[in-house]
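No lab work stands behind these numbers, since they all come straight from the coordinates. Everything numeric here is computed off the predicted structure, so don't read it as measured data. Heads up, the Cβs are rebuilt from the backbone with ideal geometry, glycines too, and the neighbour counts pull from every protein chain shown.
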Amino acid sequence: MQAALDEDDGMRPQRLHELTCDLNRPRVVIVAMVMASFLISGFIAIGPTRMEYVKAHPACKSAECAAMAQAITSSVNNRIAPCQNFYRFVCDGWVKAHPAREGELRRLVLRELADEVAAAQKKVLISTQVPARGQDAFQRLAYVYQSCVRVEKNDPDGIRVLKEFFSFVGLEWPQVSRTRSLDSLLTMVKLSLQWDIPTLIYVTVKPSPHDRSRLLIAVDRGTTLDKGQAMARKAAVRKIASLASEILSEPGQAEKIESAVLLCEKYLLDQTNNVRKTARKRNLEFRRVLSFRELEAMTFVDEGSLWLDAVNAQLSAGHRLSPNEPVILEHADHVVATARLVRKPELAQSLLYYLGWLLLQQLGPKAALSIRKAQFLLDRQAQTTQDNVAPAELNLWRVCMRETEELMPTAFSALYVQQHGGAADKPKFDVKAIVDHVLWVTTEIVRRVRWMDERSKSKALTKLKKMRGLIAFPQWMRNNTLARGLDSELPDLSEHYLATWLRVKESKSSKLRRGLRERHQDDQTYHYRVSQVGVRYYPDENRLIVHPAVLSAPLYAYGGPVALNYGALGTMIARQVLGAFDSDGCNYDESGNEDHWCSSEFREELQKSMSCYDEQWETSSARVPGMAAHNDTWSRYQLVADTEGLRASLRAYRLLVKNLGGERYDEALAGLSYTPEQLFFLNRGLLYCANLNLRLLRENGREDMLAAHEYRCNVPLINLPDFSKAFHCKPGDLMYARRMCAIW
């Protein structure tokens, strides 16, 4: 196996020129000097041989190509030599033109496309007229969104619905002393299976990990706890508890709520850790699929069939289950800890307070705007995400947009496709050809690799052969009748937002429960969301999804130079295809069923190949300010995935040009003096352009992000001799490396 390639200097083309720019030299403000500096900088970046190439070859002049040319021209900084810092060469102009917005840690190319999708959806949802009778899927969708943004500060209708729902499930909250003999486990299971509302636990219906055609009951944790979060949000808990007590006409309960919340969360954290320690000490592994009888023994010991009774109480007679029926168990440590809390009589009242609190967090913001704002502040203190911090003010339309999509995801996607799918009708077949070609090239790479054992190779090839693709959208979404007929089981909507939300949740949960005894059919929309802009591989379905928003500039141009499309979109596709063999992909077979098919030999050889990247990470990250904070396994795997995806896409592009030949497959771009291979790397570089909000980075302790995008843009390129050849990089240049890493 070849984990590193040592380049022979003699094999590299000699640089035709060596010019240096002293940027500190005093500038003379004369038009001639400005023009001269422009020409010199262009000469540094491009080189005369490229100019000759462009003159000798045809260039694309279509509208799509013009848009791509404009995107590249406005982004490139010709005063930076590509062999010194390719990220700055490609992205300086983009960064200048896209300042970070308030509340954003960073502004990205893909996020710009996602914002365009959100803005388009907002426009349609606001303008849609909703009749009182005979509503179709899009009108119901519009009603959900419009009712969400109409919720008032202390909305009396919303508060009424909230109180009625608490009473309906048997929970008098926040005055829990009035609650009579509430079965906590039964209530939590009921909330999950009837309305898809997770609390301490989450019980739902999902495909079996071993046979996706069969639906099973799944038990999972409902909350994710963190010690640091609990203390950081203590004051915010008190504030929202006080507000809830006042709105629900039960003042004076805030301190009790706060105390119960913190007590229960501490108990759950401690018990979860104890379960993990015991499992490690006894060398136990929790099975993901077991019987209800085994689940009872694990959680409630000899107390009968509590889980089974709670689940069967929510099912119709024809769907009820037996003790030997299989059940999926996720996060077993948390589920066991929750069962211990339920069995703790001295914490019974605290548990009721906590259960009501978890319900309030999910339903309260939908009942009254004042609770939504208070919850927003709570989330702002507790949440630490990789990309964002919460803005200073609540962005209501974005929150309602997200909740609308979560509630009716297929209708939400179909609405976008109906409005904008026409622009992707032709490109989607072109992109399918790119996907097929990348899959074919990856298949040949795996077939020829020598270090992979035959069993693992056979499984990998089968996964590639049977990988399913969804390009842009399911074709049926272009059918207006089918799209508007979605969710036909729903009634006409006319109630307050919270009541509407509960009604839709109840309808969808009922439909899901009825599928328990039916054979589960392949559903293209299971993971499909138009708001998730990009290319994604889902190992649990062995499915690759290319979202419609990426079929546009600057990532793709229909009929444009193949180099451009393979450089950005092709690289994104190849990177995701290789996910079929990563740590997650190794756990699922060609049908998406759970199967740990990667042999120990394969994993060992893969780890050996990774050693070159590990060494490269240690040396390169130490030289880049801020990258030391990214010294984790995930970041290293990102480097490997970025590099290997780029290499696979480049192979696919070159093979296409070689096999098909002809000028159509090796075009330049009108108005730009770059060769096709330079365009390949340029468009790939645009993927990583980011404008960082330095103030927010420092305020939120995220200085580690300062160099992340530059690193991910530059370091994979130094592992490709093709990049150095394309831009005439030589020993001594920062983008030139003598030792290069490779796995596939």
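A few points about this structure:
- Evaluated at q = 0.15, 0.16, 0.22, 0.32 Å⁻¹, a Debye calculation over the C-alpha positions of the range 168-218 (equal weights, vacuum) places log10 I(q)/I(0) at -0.50, -0.55, -0.81, -1.13.
- Between the beta carbons of Ser316 and Ala670, assuming R0 = 41 Å, the FRET efficiency works out to 0.05 to the nearest 0.05.
- Hull-based mean projected area of the range 331-378, where the convex hull spans the alpha carbons, in square nanometres: 4.3
- Counting other Cβ atoms within 10 Å as a rough exposure proxy, the listed residues Thr462, Thr278, Thr481 run Thr481, Thr278, Thr462 from fewest neighbours to most.
- On the principal axes of its alpha carbon atoms, the range 249-295 extends 49, 25, 13 Å, with the longest extent given first.
- Linear extension gain, Leu734 paired with Glu618, 0.36 nm per residue minus alpha-carbon span: 40.1 nm
- Using the Cβ-Cβ distance between Lys61 and Arg150 with R0 = 45 Å, the FRET efficiency computed as 1/(1 + (r/R0)^6) comes to roughly 0.35.
- When Trp173, Trp617, Trp744 are sorted by how many other C-beta atoms sit within 10 angstrom of their C-beta, beginning with the fewest, the order is Trp744, Trp617, Trp173.
- Note on the range 385-508: Cα convex hull, mean projected area over all directions, 12.9 nm².
- Taken over the range 560-600, the convex hull of the Cα atoms encloses 80 Å³ per residue.
- In angstrom, the C-alpha Rg and Dmax of the range 502-627 are 20.0, 59.
- Per-peptide packing, taken as the mean over residues of other Cβ atoms within 10 Å, places 153-161, 577-585 in the sequence 577-585, 153-161 from highest down.
- When each of the peptides 65-78, 288-301 is scored by how many other beta carbons lie within 10 Å of its residues on average, the order from highest to lowest is 65-78, 288-301.
- Going from the fewest other Cβ atoms within 10 Å to the most, the residues Thr571, Thr619 appear in the order Thr619, Thr571.
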